[in-house]
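Every number here is computed from the coordinates shown, using simple stated rules; none is lab data. It should be emphasised that the depicted structure is a prediction, and the values quoted were computed from it without experimental measurement. Positions of Cβ are backbone-derived with ideal geometry, glycine not excepted, and every protein chain shown enters the neighbour counts.
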C-alpha cells in the first residue's frame, strides 16, 4: 500500500517475519523511487515490536559504509564518496563523515 505517494506500508500477518519480507520492502522502495517504507506484522502479541521502518537512503549509505569499513580494516586505502578528493584518501576524517 502506498500512502500519499510518500510511504510504502507492507502489511503481513505471519508467525515470523522472515528476511525475505524485509528484502521485499527494500525492493519495492528501489523500484518505486520512494524513500520510506514500513513493514508491519499483525500476527503478534506486541505490535510495537513488529513494526519495522526502512529508509532507502540509509540502506544505500549503510552498504557503502560497510564496504569502506572492510577495506579500511584490511589496511587498504579507500576513497570516500563524501570527501570529493580525486586521490585515494586514507584519513579517518573522510570515513567519519559517512
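Placing a pseudo-label 7 Å from each Cα along the Cα-to-Cβ vector at residue 45 and residue 13 gives an inter-label distance of 2.0 nm.
Taking a ≥ b ≥ c as the square roots of the eigenvalues of the Cα gyration tensor, an a/c ratio of 1.5 or more together with a/b no larger than b/c marks region 1-40 as oblate.
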